[in-house]
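Bear in mind that the values in this text are calculations on the coordinates, not laboratory data. Computed from a predicted model, the values in this text were never measured in an experiment. Cβ sites come from the backbone with ideal geometry, for glycine too, and all protein chains shown count toward neighbours.
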Amino acid sequence: MNWLRLLLKRKLIVGLLSIFVLLFGLYASSDLDMEMMPGMTMDMGMVQIDAGELNTLDMEETVINPVEDRLEDIEHVDTYETTITLGNGSIMIMFEEGEGDDAFADVEAAMNEMENEISDIDHVFSMQASMNPPYELNYDLYGADSEELAYVSEEVIQPRLESLTEVREVDVAAEDSEELNIELDHEQLQEDGVDPQHIAQLFQEENENRAIGELSEEEDEPRLRWDGTMLSVEDIEDMQISTPNGPEPLEEYASIEMAQADTTTTAWKNGEDDYVFLQIGRSDDVTEVEMTEAVRAEVEDIKAEGLPEDVELEEMLATADYITNDLRDIQTNVLYGGLLALVVLFTFLRSFRATAIVGISIPLSLLLTFSLMWFMDYSINVMTLLALGLGIAMMVDASIVILESIYRKLQQGLPKFEAVIQGTKEVSTAVLASMLTTVVVFLPIGILSGDVGEFIMMLAMVIIITLVSSVLISFTVIPVLSEKWIRMKESKVHKKENAILRGYGRFVGWMSWKKWRRWLVSTGFAFLFFLSLFLIAFVPMSMMPDVLERQAELMVDLENHTDDEEKESIADAMHERLSDTTDVADYTVMTEEDMMFAFINMTPEEEASLPQAQVNTEIMNNLEALEEDYPIENVAMSMEAGEMGNPVEIIVQGDSLDELREIAEDMETGLENIEGITGIHHSMGDMETEQEFVIDEEGVEDAGLTTGQVREQIEAAFMNEQIDEMALDGRDYPVFMSSDLEVGSQDELEDLDIEIPPEEETLMPGEESEEADTMDLAEFVDLETTEAPQELEHEDGERIVKVMASLEDRDLGSVNADVQEMIAGYDFDDGYTAGFGGQMEQQQEMMMEMMYIFLISIFLVYVVMAIQFNHLIHPLVIMSVIPMTIVGVILGLLITQQELNPISAMGALILVGIVLNNAILLVDRTKQLRKQGWDRGNALQEAGKNRMRPIFMTTLTTVAGMLPLALATGSASNYQAPMATVIIFGLLFATFITLLLVPSVYMIMEDILGWPKRYLKKRRKKKADKTGSEISTEKSQ
């Protein structure tokens, strides 16, 4: 302890370092970024491929297979899954751990090349998964017709907000109310031999403003520019089209007009479809909070300047509010928790000076934590805020243990300087061991696979930083201030034991007298532990807590290929249900592919009739009732919807679609015989009927045509596509080109005129070429009915089919065993295999990882304590309290009805590190006393008396610090309260048990492991007695 003697003699060192921590900590806390989630990309990417109207089989053969072949050649691509639907391919890619950024760059470059190489691909979109959403602030615009809303959003709000330096992009989701339609005269085009695709291409080339060169020999080298931008309908009508008879204006071959857009509603606000949704993303160098503040100020200016009558601009969702609210909650919790901890401390010590010393250590430890977070480039986000809330509650433990030890030495009459040295030295091993055991509990979290491990590790690291900071302060500031400030009254020196200590001593003595007594105590606690396991079934469970404050987000999974009319009817039904739900203020419903999303704002908490959890339940009940009457597969809160896939999911891999479908149907039959499984279906269950052209190639050739020319004329008859955009009167309008032919039936298709080019001939001056003949399409093709799956899936380039089901009245674990047995009994052909996916696969992986984490944590805790105590048995005694913490956790969740979820499970892991601290204090003191010559029973009694006060002080101050988290309201409470509840109940229960269980286990361990030593000692004594008796007999003779 020479370093401590130096600090006590040179108190200025500690004073200056404390000032530095204060100043730098204040700077670091103000400079930390604030964001919803940690700013990190993930080792996962997505590629979305759009290929028009290709059916699934053509999509697979001409697009997906070449793309997957390219993925196989890219380094660091681990696995990928592909879903193929009509004209669309979606590929989810998992990269090797830590290689996500580089591998995604390679994938993106490769996909851009594939877009140019494969003619069937219209567009490729690649995105790397990230913890931060692309947009952090959302606004609703409603109250007028769609045309006026589109104008206000695109011409007023969007440019104003995008002019802010804090804003990267404003995405406006508004339906086009009008479009420019070019309807081609098919008959006239055929008559003059004009190709419709030539007109579309010419329009795109003409409607451009581009540089085409420069005059390098002229002064200033002026650039040459060709501005062919069309600014009116008249400009389009006058556009010259090259024909065999010379240039002609476009109006000769098409009618051109502004028309009402035939759009499909994709968003509704409170049931109304005249609605615009604005999403705002921040620039890279600003935080969510800074961007939100800047946008809100600009929006207020826009409103002050005046929006059109009846137009309402309303903020819908701001992720920055979660951060600011959580930060405010943390500040409140720190204040209340710190005050409660100081009250507990004063209650035990009855000293204002001692209480003030610990009070000073709290902000210093917190500022040191902020400083270390700043150096590690951490931000203030949901995970670090949760970690700080937990760390703050444990921050004073080390300070209290050291201060109490110093205080007790002063009560024993030691001089102040020696009391500080001896008091700190006596508990230093226990304090360091306690910190290390808590730290090593978190280290195995890093083995969690993928990005989840990195995400959770951030929480663990902040808790570790908090604990290390508090220990550094406790070994420096606490001893120095104690030596300077604490005054011990004469009346408190050599104070007598109170009744509690005397009673505790008698109980430990009672256990030490008879072996069966300590076995009775230990067996009773073991019985209590096993009894508590039966209560787990009554504890509410969930996968993730709701982090939204008076808001709800839902995902509605629709059946495949639900049409627009059905989606609109579902939206109307949702409107009817939500409008009648208590405390629902307003809501927005949006559609995307075969999904619908609902964003719901509830009445503010001060005006609410029901708590948020009950409103969520009513919303879910109301919307789940729609599943019976509408094509809805599932309704879930967004926090739960994408969690783990289907409860039961079997993945069958093979090559032949027919064989895969047959195996899937057999699996469905097998699942029907397993109790508790419902809603059985497979991914290739829906087939799509198509009419496929069968070409008479000989007839086509005889007519002087090619198959390509026939195809082009058929495509021209069905032409209806967006070819460009153009600005008219300050607004952008989509330009569509379509044919005036109406081909809606098979008869009309077969009667379609196919132009036959005339034979080549030499024309004399003044002669006109012969008009082209036509023949019916039926002369060249037949139609054949075929079927193709509506959806195909690949896993690492191999075809798969998924057999999926839900559960009813049975748990996943028991069903898992039955499904495994069914798969094992199935006779697969060569090249075909089956395995688990969905929740079953993830449950197996999670259970395996959690088992490894728990075992490694326990082993590391044992190793740290074995090294600290230089003993193999004492760590086992200390760890005997771990099962008792589980009893407290289960009782706490059952009494408060808090949910058991990954966050509360994390609290249980943290609790393991905390509860061991008390046992370490007790066993460490026992070891010190036995080294001084105390016998086992008396050493355990004295150790319990010496450590009872610091054990209760650290426990109650931790509980006091956690209490604001457990009782907090608002968005933060939903994930803080379950964890705090777990720690409070588990710690309280384990603390009382520690003082009773540890002595009994300590004695039992010594009874068992000390038996050989006692046996040998007894034999030696018996032999010595016998030898002595023989010697006495010889002497007497």
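Taking other residues whose beta carbon is less than 9 angstrom from the beta carbon of LEU783, and scoring Lys, Arg as +1 and Asp, Glu as -1, yields -4.
For segment 41-130, rounded, prolate or oblate, judged on the Cα gyration tensor with a ≥ b ≥ c (square roots of eigenvalues), a/c < 1.5 rounded, else prolate if a/b > b/c? Note, shape of segment 41-130 comes out prolate.
Each of ILE920, ILE13 was scored by other Cβ atoms within 10 Å of its Cβ. Listed from fewest to most, they are ILE13, ILE920. The Cα center of segment 61-129 and the Cα center of segment 773-801 differ in position by 24 Å. Over what distance in Å are the Cα centres of segment 654-694 and segment 702-749 separated? So the two Cα centres are separated by 37 Å. Report note on the peptides 435-443, 956-964, 673-681, 225-233: ranked by the mean count of other C-beta atoms within 10 Å, highest first, their order is 956-964, 435-443, 673-681, 225-233. Packing, as the average of other Cβ atoms within 10 Å across residues, places the peptides 97-106, 242-251 in the order 97-106, 242-251, highest first. Dividing the mean sequence gap of close Cα pairs (under 8 Å, 6+ apart) by how many residues segment 339-425 holds gives a relative contact order of 23 percent. When peptides 596-603, 987-994 are ranked by their average number of other Cβ atoms within 10 Å per residue, the highest-first order is 987-994, 596-603. Using Cβ point charges alone (K and R +1, D and E -1), the dipole size of the chain about the Cα centre works out to roughly 26560 debye. Using +1 at the C-beta of Lys and Arg and -1 at the C-beta of Asp and Glu, which of ASN946, ALA977, VAL1001 has the Cα lying farthest in the positive direction of the dipole of segment 920-1010? Farthest along the dipole direction, towards plus: ASN946. Of all beta bridges that DSSP places with both ends in the chain, some 95 percent have antiparallel geometry.
Think of each Lys and Arg Cβ as +1 and each Asp and Glu Cβ as -1; about the Cα centre, that makes the dipole of segment 175-222 roughly 220 debye.
Using Cα pairs under 8 angstrom and six or more residues apart, how large is the relative contact order of the chain, in percent? Relative contact order for the chain comes out at 16 percent. Using only side-chain charges placed at the Cβ, +1 for Lys and Arg and -1 for Asp and Glu, the dipole size of segment 118-213 relative to its Cα centre rounds to 760 debye.
When the Cα positions of PRO631, GLY744, GLY986 are compared along the charge dipole of the chain, GLY986 comes out farthest toward the positive end, with charges on each C-beta of Lys, Arg, Asp and Glu. Each of THR706, THR56, THR355, THR581 has some number of other Cβ atoms within 10 Å of its Cβ, and from fewest to most they run THR706, THR581, THR355, THR56.
Normalised by 2.2 N^0.38 Å, where N is the number of residues, the C-alpha radius of gyration of segment 551-641 stands at 1.05.
Dipole of the chain computed with +1 at Lys/Arg Cβ and -1 at Asp/Glu Cβ about the Cα centre; of ILE464, LEU528, GLN897, farthest Cα towards the positive end is LEU528. The spacing between segment 212-229 and segment 272-309, judged by their C-alpha centroids, is 41 Å.
With the helix formula -39500 (n - 2.57) applied to DSSP H stretches of n ≥ 4, the chain reaches a computed 222 nm mean residue ellipticity of -18000 deg cm²/dmol. Computing volume of the Cα convex hull per residue in Å³ for the structure here picks out one of [x] 250; [y] 293; [z] 276, namely [z].
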